[in-house]
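Quick note: the coordinates plus some simple rules give every number you see, no bench work behind them. Please read these numbers as outputs of a predicted model, since none were measured by experiment.
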């Protein structure tokens, strides 16, 4: 992996010591430790953001709604009919 971008951050002495100690325990540089930890945390945040969690009640309602065959309502039927009359196919 090509590493060509920088991220500078300011830390308290205690935070820097904590990161240095953890990096040493893991046997990696402090930069590698911070990069790996930040990437893992970023992936978790993105996963949480993209995941939808439903209660059992909401899941049942959702499932019931998608399990039924689709029936367009009157407004959609009218809109489709208007589109058919206004749009010509070549």
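General observations
- Acute angle (nearest 10 degrees) that the helix 30-50 long axis makes with the longest principal axis of the chain, alpha-carbon atoms: 20 degrees
- For the chain, the ratio of Cα radius of gyration to the globular rule of thumb 2.2 N^0.38 Å stands at 2.21.
- Helical content of the chain, expressed as a calculated mean residue ellipticity at 222 nm, amounts to -22000 deg cm²/dmol (DSSP H runs of 4 or more residues, -39,500 (n - 2.57) each, divided by residue number, nearest 500).
- Degrees separating the helix 13-26 axis from the principal Cα axis of the chain, which is the longest one: 90 degrees
- C-alpha long axis of helix 56-67 to longest principal axis of the chain, angle in °: 40 degrees
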